[in-house]
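Notes for the one structure printed next.
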Amino acid sequence: MPADADAGKRAVVLVSGGLDSATVLALAAASGARCHALTFDYGQRHRVELDAARRVARQLGASDHRVVSLDIGWMGGSALTDARIAVPQESTPGIPVTYVPARNTIFLSIALGWAEVLDARDIYIGANAVDYSGYPDCRPEFIRAFENLANLATRAGVEGQGFQVHAPLMHMHKQEIIRTGVRLGVDYGLTLSCYDPDTAGRACGHCDACRLRAQGFAEAGIADPTRYR
């Protein structure tokens with residue numbers, strides 16, 4: 001957190017441990033906010049990302065970091081939560097099986113509740129609609145709709161104090177995101193973007209997330225610090 005951070009300005013930042021959310025945390029901190037990082041243990045198979053989230057929150061100076069157990073894996077329907085569904089090793093048309101039903105809606109709802117308690121008016125998420133896997137809850141229409149909901153469904157919203165849901169990476173290519181994070185001091189070696197890492201946290205190098213990450217570093221002209229199997 002920057003030394004000149006405004007003690008009165010707070011933000012809740014969703015931090016998964018991946019490249020995008022680390023960049024968003026750095027951007028939120030650079031805005032002068034006291035950042036309250038929020039990570040979910042939601043039954044994901046790639047649980048090593050929780051350790052990455054802790055590393056990122058420490059490195060970027062989050063004033064608080066909560067890892068919340070919220071098991072939605074029992075619903076199934078996603079390769080990220082159901083071991084019976086293989087993580088694709090090649091790009092697939094349409095919405096991929098790595099989509100987790102309603103994940104961002106659920107995560108933002110919890111973030112909204114915590115933000116209201118903290119008297120925070122800003123919520124940050126690393127959603128991106130350019131270099132992404134095609135998830136419907138990563139689109140600008142979704143972010144706008146959720147922000148509208150946030151201001152209809154809360155006391156703070158009804159009393160006119162209002163919330164803003166920030167998705168600063170929404171229209172950025174991966175190489176732009178990486179360059180932004182490097183400028184802000186993000187150590188991407190601490191992050192994990194893979195959908196199918198091993199227990200040591202080494203990336204598979206083949207899933208959508210790995211391909212987009214590797215392409216981003218290559219196009220940014222920056223050495224990729226990812227540990228691969």
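Taking the Cβ-Cβ separation of LEU118 and LEU70 as r and a Förster radius of 22 Å, what is the calculated FRET efficiency to the nearest 0.05?
0.75
Could you tell me the accessible area of ARG55 in Å² (1.4 Å probe, neighbours in place), rounded to the nearest ten?
My reading of the accessible area for ARG55 is about 80 Å².
Provide the packing ranking of 210-216, 20-26, i.e. peptides ordered by the mean count of other C-beta atoms within 10 Å per residue, highest first.
20-26, 210-216
What nm value, rounded to one decimal, do you get for the distance between GLU90 and TYR228 when each label is placed 7 Å out toward the C-beta?
1.8 nm
Scan around ASP64 for amide H atoms under 5 Å from its own, H built in the peptide plane at 1.01 Å from N, and keep only partners 5 or more places away or cross-chain.
Placed amide hydrogens put ALA37 under 5 Å from ASP64.
So for the chain, Kirkwood radius off the Cα pairs, Stokes-Einstein at 20 °C and 1.002 mPa s: how many µm² s⁻¹?
Translational diffusion coefficient: 121 µm²/s.
So which residue, out of GLY201, GLY61, GLY160, gets the largest mean-square fluctuation from a GNM of the chain using Cα contacts under 10 Å as springs?
For the chain, modelled as a Gaussian network with Cα springs under 10 Å, the answer is GLY160.
Quick one: which residues, 5 or more positions from HIS166 or on another chain, have an amide H under 5 Å from its amide H? H modelled 1.01 Å from N in the peptide plane, none for Pro or chain starts.
Result for HIS166 returns ILE123, TYR124, ILE125.
Ordering LEU192, LEU184 by how much accessible area each has at a 1.4 Å probe, largest first, what is the list?
Largest to smallest exposure gives the sequence LEU184, LEU192.
Expressed as an acute angle from 0 to 90° and rounded to the nearest 10, what is the orientation of the C-alpha long axis of helix 48-59 relative to the principal long axis of the chain?
Relative to the chain, helix 48-59 is tipped by roughly 50 degrees.
Once amide H atoms are built 1.01 Å from N in the peptide plane, which residues 5 or more positions from THR98, or in another chain, come under 5 Å H to H?
The list, which skips near neighbours in sequence, is ALA79.
Mind checking the angle between helix 208-220 and the chain's longest principal axis? C-alpha axes, 0 to 90 degrees, to the nearest 10.
So the inclination is approximately 80 degrees.
What's the longest piece of the chain with no exposed GluC sites (Glu not before Pro), counting a site as exposed if DSSP puts it in a loop and it has at most 11 other beta carbons within 10 Å?
Between exposed loop sites, the widest span is 1-89.
Using 1/(1 + (r/R0)^6) with R0 = 25 angstrom and r between the beta carbons of SER63 and ILE110, what's the FRET efficiency to the nearest 0.05?
Once rounded, the FRET efficiency stands at 0.85.
Report, in degrees rounded to the nearest 10, the 0 to 90 angle that the Cα long axis of helix 174-183 makes with the longest principal axis of the chain.
Helix 174-183 sits at roughly 60 degrees to that axis.
I need the phi-derived Karplus couplings for the stretch 28-35: 6.51 cos²θ - 1.76 cosθ + 1.60, θ = phi - 60°, integer Hz, Gly and Pro marked x.
5, 5, 5, 6, x, 7, 7, 9
Over the chain, what is the mean sequence separation of C-alpha contacts under 8 Å (at least six apart), divided by residue count, expressed as relative contact order in percent?
23 percent
Once every Cα of the stretch 131-225 carries one equal point scatterer and solvent is ignored, give the base-10 log of I(q)/I(0) from the Debye formula at q = 0.16 Å⁻¹, two decimals.
Computed log10 I(q)/I(0) values: -0.80.
The values are calculated or read from the model by the stated rules, or taken from the named source; none is laboratory data. Keep in mind the model is a prediction, meaning the values are calculated, not measured. Note that we place each Cβ from the backbone using ideal geometry, even for glycine, and neighbour counts take in every protein chain shown. Just the protein is used for accessible areas: all its heavy atoms, side chains included, with ligands, DNA and RNA removed. Shrake-Rupley method; radii C 1.70, N 1.55, O 1.52, S 1.80 Å.
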